[in-house]
């Protein structure tokens, strides 16, 4: 199995997940473990984000937001979930305007050009304080509202929104002004406030090949708050995860092709859900693969994840993958109060039982009433995985430009490759090997269909064989170790904090189940979360 994970690292995790594939086999012997060295980066800070312009719309309000009021709010907001925030609003202890000011204050304090900077946010909604005041006024009218009402949401910057250009982290899309993506329309319809755009691994980590997670030319290098310049952020939804982990935003949206939600969520002690493909619309999201792409929620708690997921659902007639979701579930959160794993059967991969955090997580599930069966994972190959991404992106990116993009002047990957060459130091300091690979790849319609069919069958085989043999409800993994199999099988997955290794790096317990199993995943994750309570805020970002 270890051999398989290492072989797949190039094929899967360079696309949109982290490159960390080794297991933690420690016995928590910190004294015998060498301290990790700092990671080296060619580029750290953004050349394109002008702080004066970024903060100009909020200067007056932030200046009036006193430090003592911030300190008062911090005690009740720092790690608060959405229900707790809404309770404070209901009791008159807090307004939506103050809630937004709290997060703006923290972004200004921690995100750019200082010794603790994380480079997680690319742009902000200049009208968000006005919109927050409107939410406060709307409360006076009473009535039932979605739990997301008035909650600031950060979007990965490959998701279209009219608040700012959608760049995918690329200089080429610096002026890609668009309308809202379908999921953003749904968020707004349910009352969410769009806080801004989050940094990401450029082009969702399918661009440069040999480059660090979390880097984009527009946003600079995102850094992990649990080990700044020491621990990888995970990719490609790096900024979304880092911002939520450091409490710069209450919740965020990421996107995943193969690991891009699971990876950064795990590596930042967060809950990340990769839904069944088609449950959430992909319309208006810069693509890698129309076959595998999906957006999904990144949060500090399971209940927040369920609320954010619910606020985005809806049938998008322009997305073919939505056809199977004519009436998507609108409420994934109410039933979590009774979440349980009692009597559920989970499969633990024997090779991963060398990881002490995984073993502890398995025991936590057993204590909560679950049955856990250890099994030997079958060695299954995923041939032509990168070719699938190449062929999809070659077709899907031009379609995005045509249907959803702004007036960028680009219509193909070839156009972008030529543009980047004009100023390689600024636009592609790590090269653009994966984009060049797209240009060199081609296949007949029959061959392409065969590639997709083989990958889908093999991905399902990896999970279906043990699930059938042992009558399992889900398979347990770590971080994004098996994200590639879940991707091509089109199976949903959720990751929940399971603690920190001996160096202090967060890790996540990942649950993978069959399509349309989101409610089950959230319920099982909530039960595990309640039993384990492994989420911890990054210590240097609690002031």
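What follows draws every value from the coordinates through simple rules; no lab data is involved. Computed from a predicted model, the values in this text were never measured in an experiment. All Cβ positions, even for glycine, are placed from backbone atoms using ideal geometry, and neighbour counts span all protein chains on display.
Sort 120, 269, 237, 340 by Cβ crowding within 10 Å, fewest neighbours at the top. Could you put the intermediate results ahead of the total?
Details: 120 34, 269 26, 237 39, 340 14.
Lowest count first: 340, 269, 120, 237.
Mind giving me the nanometre distance, one decimal, between the label points for residue 353 and residue 63, set 7 Å out from Cα along Cα→Cβ?
6.5 nm
Would you mind computing the Rg to Rh ratio of segment 76-182 from its alpha-carbon coordinates, Kirkwood style for Rh?
Numbers: Rg = 15.7 Å, Rh = 15.6 Å.
Result: Rg/Rh = 1.01.
Hey, what's the per residue convex hull volume over the C-alpha atoms of segment 441-524, in cubic angstrom?
On the way: hull volume 9.9 nm³, N = 84.
Convex hull volume per residue, Cα atoms: 118 Å³.
I'd like the distance between the alpha-carbon centres of segment 185-240 and segment 421-472, rounded to an integer number of Å.
21 Å
What FRET efficiency do you get for residue 374 and residue 540 if R0 is 41 Å and r is their Cβ-Cβ distance, rounded to the nearest 0.05? Spell out each step's value before the answer.
On the way: r = 38 Å, r/R0 = 0.93.
With a Förster radius of 41 Å, E is 0.60.
Could you check the simple spin-label distance between residue 421 and residue 317, using points 7 Å along Cα→Cβ, in nm with one decimal?
4.3 nm
Determine which residues of segment 169-193 fall in the zone a paramagnetic label at residue 162 would reach in this model, i.e. backbone nitrogen under 17 Å from the point 7 Å along Cα→Cβ.
Those under the cut-off are 176-193.
Just from the alpha-carbon atoms, what are the Rg and Dmax of segment 404-543 in angstroms?
According to the Cα coordinates of segment 404-543, Rg and Dmax are 21.0, 58 Å.
Sorting 140, 135 on the 10 Å Cβ count, fewest up front, what's the list?
Values: 140 6, 135 21.
Least to most surrounded, the residues fall as 140, 135.
What is the extension gain from residue 334 to residue 360, computed as 0.36 nm multiplied by their sequence separation minus the C-alpha to C-alpha distance, in nm to one decimal?
Details: separation 26, 0.36 × 26 = 9.36 nm, distance 2.85 nm.
The residue 334-residue 360 span can extend by a further 6.5 nm.
Nearest 5 percent is fine: what portion of the DSSP beta bridges confined to the chain is antiparallel? Walk me through the intermediate numbers first.
Working: 28 of 44 bridges.
About 65 percent, rounded to the nearest 5.
Between segment 316-338 and segment 120-174, how far is it from one alpha carbon centroid to the other, in angstrom?
Using only Cα atoms, the two centres lie 22 Å from each other.
Please compute the length gained on full extension between residue 442 and residue 113, using 0.36 nm multiplied by the number of residues separating them and subtracting their Cα-Cα distance. Can you show the working numbers first?
Details: separation 329, 0.36 × 329 = 118.44 nm, distance 4.33 nm.
Computed gain between residue 442 and residue 113 is 114.1 nm.
What translational diffusion coefficient, to the nearest whole µm²/s, does segment 237-351 have by Stokes-Einstein, given a Kirkwood radius computed over alpha-carbon pairs, a temperature of 4 °C and 1.567 mPa s viscosity?
Rounded, D is 86 µm²/s.
Over the Cα atoms of the chain, what is the Rg over Rh ratio if Rh follows Kirkwood?
On the way: Rg = 21.7 Å, Rh = 23.0 Å.
A ratio of 0.94.
Give the peptides 125-131, 183-189 in descending order of average Cβ contacts within 10 Å, highest first. Please report the intermediate quantities before stating the final value.
Values: 125-131: 17.9, 183-189: 20.9.
Ranked by mean Cβ neighbours within 10 Å, highest first: 183-189, 125-131.
So for 470, 105, 482, fewest C-beta neighbours within 10 Å to most, what's the order?
On the way: 470 15, 105 20, 482 30.
With the fewest neighbours first, 470, 105, 482 line up as 470, 105, 482.
Would you mind computing Rg(Cα) / (2.2 N^0.38 Å) for segment 339-462, counting N as its residues? If you can, show how the numbers build up before the last one.
On the way: Rg = 22.1 Å, N = 124, 2.2 N^0.38 = 13.7 Å.
So the Cα radius of gyration is 1.61 times the expected 2.2 N^0.38 Å.
Before anything else, pin down the relative contact order of the chain: Cα pairs under 8 Å, at least 6 apart, normalised by residue count, whole percent.
Values: 1218 pairs, mean separation 99.1, N = 543.
It comes to 18 percent, rounded to a whole number.
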